[in-house]
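Step one of this worksheet: look at the structure below.
The values are calculated or read from the model by the stated rules, or taken from the named source; none is laboratory data. Keep in mind that what you see is a predicted model, and the values were worked out from it rather than measured. Here the Cβ positions follow ideal geometry from the backbone for every residue, glycine too, while neighbour counts run over all protein chains shown.
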């Protein structure tokens, strides 16, 4: 007996199949986004990782749809179609579970992560591409083709929308990558259980499903500690704290007195020498302004730059604009980090604003004597926009007439075009720029660009205290930038604009890639 000899599908059977289509689409989309996010975290090139995953996934879906024509052929394929659909669902479950873990493991041992990413994406895409034709043919047994196709595609697209929103808003910030993978692996099995219950032919699959469900659930439960052990191996020092927020992966490591912060695998500071970076970032602009009272600090949710700002006795208010509330929470509550930043985020002069600086700057009121931009390096277009003519123009509206603006500018020894492009960008707004640099042992020479209105030279910068690195002598010798850190004569760079984010290219074209 086949489905074609059975009465028309019941409304319950149709609803179960359509729900399975929507859930499958959600799972495939979430897994696709998860692989792209993980590849960006491990390999650093967000644009390329996203392009590889999306392009490969769509091509693989086409391949899966083409292959489905060779399945369950014959005059009465009903039962066989349902069995193939169940097989595809069962194959998707372990793939959800193992693909992210495999990428972590390969990265740790130095394996071919890019190749594994492509292979995993192809497998997910082929399975996803097979499901829609199989389900459409299955529903066609009891409905007209136009009705079956319309309903399947409508639910498939709806499932994709749910997955696209669910991953960044709920799953990633609340669960993280590997727990999401464990949960995701159970969803296709839920669909298999429902199909096995409402279709008589599903009885022969019930034993396999009954075995697969606890196995996948147990494996998913063990995935988190296993993933933590693999992640620990990516760092030289023991991990003392790890967080997955909507924006980034935050990891703190510590060995004796060396506390290190990593965002998406990239080192942000070492407690052994972070004072050199933060003193160089903050104090020259504050000293050149002379009497700073209102300060705007962009980024720097770890509280270290804020610690330096609060050392100035005349400061009455500091507005800290930070994208990631998880970073602020860690800086306030993690004992080692809180001790390092001196509990600066608890100071009564500090007003914390959470949000994307690109948009939130326009909502600020009043002007600031000093604006300090401490953003990550402009390695991607979304980060490069925070170094654009448009964004600096917005900052300029918030800068007092005699105010000072300073931004970190990556490492000029390895990426001289980045600092030069930031200068060119600020000059587009008729600002006078003063680049300078400092040696930070964990990173090497590090660059900054200070800018102010007009061509005047600020009064002599006086430092009312001594830091661990900076003193009046260091401040007097800080300018200009040494010749070996400047762009070679005759070489030109473009200003960074929203429609042409050249900084992300300059960041990737450093000298370490040319040798």
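Quick notes on this one:
- Listed here are the helices (runs of 4 or more DSSP H) enclosed by the stretch 413-515 that have at least 2 residues being loosely packed, with under 14 Cβ neighbours inside 10 Å and either outside the structural domain of residue 315 (by TED's automatic domain parsing) or under 25 Å from the mean Cα position of the chain (by Cα) (or both): 511-514.
- Across the stretch 167-209, the number of residues qualifying as touching a strand residue (DSSP E or B) at 6+ places or on another chain (Cβ under 9 Å) and outside any helix (DSSP H, G or I) comes to 2.
- Residue 200, sole failed condition from (1) surrounded by fewer than 14 Cβ atoms within 10 Å (Cβ to Cβ); (2) more than 30 Å from residue 12 (Cβ to Cβ); (3) out of contact with any helix residue (DSSP H, G or I) (no Cβ under 8 Å at 6 or more places or on another chain): (2)
So that you can scan it fast, the table gives a plain yes or no per residue for (1) over 18 Å from the mean Cα position of the chain (by Cα); (2) within 23 Å of residue 339 (Cβ to Cβ); (3) assigned to a strand (DSSP E or B):
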site: 211; (1), (2), (3): yes, no, no
site: 235; (1), (2), (3): yes, yes, no
site: 240; (1), (2), (3): yes, yes, yes
site: 268; (1), (2), (3): no, yes, yes
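- The helices (runs of 4 or more DSSP H) found wholly in the stretch 287-404 and carrying at least 2 residues that are touching a residue at least 12 places away in the same chain (Cβ under 8 Å), in contact with a strand residue (DSSP E or B) (Cβ under 9 Å, 6 or more places away or on another chain) and closer than 30 Å to residue 497 by Cα occupy 304-309, 325-333, 357-360, 389-397.
- Only one entry in 233, 222, 265, 227 is exposed (fewer than 15 other Cβ atoms within 10 Å of the Cβ), closer than 24 Å to residue 175 by Cα and touching a residue at least 12 places away in the same chain (Cβ under 8 Å), namely 233.
- The single condition among (1) in contact with a helix residue (DSSP H, G or I) (Cβ under 6 Å, 6 or more places away or on another chain); (2) closer than 17 Å to residue 429 by Cα that residue 410 does not meet is (2).
- Checked against (1) surrounded by fewer than 23 Cβ atoms within 10 Å (Cβ to Cβ); (2) within 34 Å of the chain's Cα centre (by Cα); (3) more than 21 Å from residue 36 (Cα to Cα), residue 187 passes all but a single condition, namely (3).
- Residue list for the stretch 242-265, restricted to those being at pLDDT below 95 and over 19 Å from the mean Cα position of the chain (by Cα): 255, 256, 257
- Residue within the stretch 110-124 that is under 19 Å from residue 191 (Cα atoms) and assigned to a helix (DSSP H, G or I) present: yes
- None of 355, 342, 366 is at positive phi, in the same structural domain as residue 448 (by TED's automatic domain parsing) and surrounded by 15 or more Cβ atoms within 10 Å (Cβ to Cβ) except 342.
- Candidates 291, 246 - the one that is over 22 Å from residue 336 (Cβ atoms), outside the structural domain of residue 473 (by TED's automatic domain parsing) and surrounded by fewer than 22 Cβ atoms within 10 Å (Cβ to Cβ): 246
- The stretch 10-39: number of residues that are surrounded by fewer than 22 Cβ atoms within 10 Å (Cβ to Cβ) and more than 19 Å from residue 96 (Cβ to Cβ): 8
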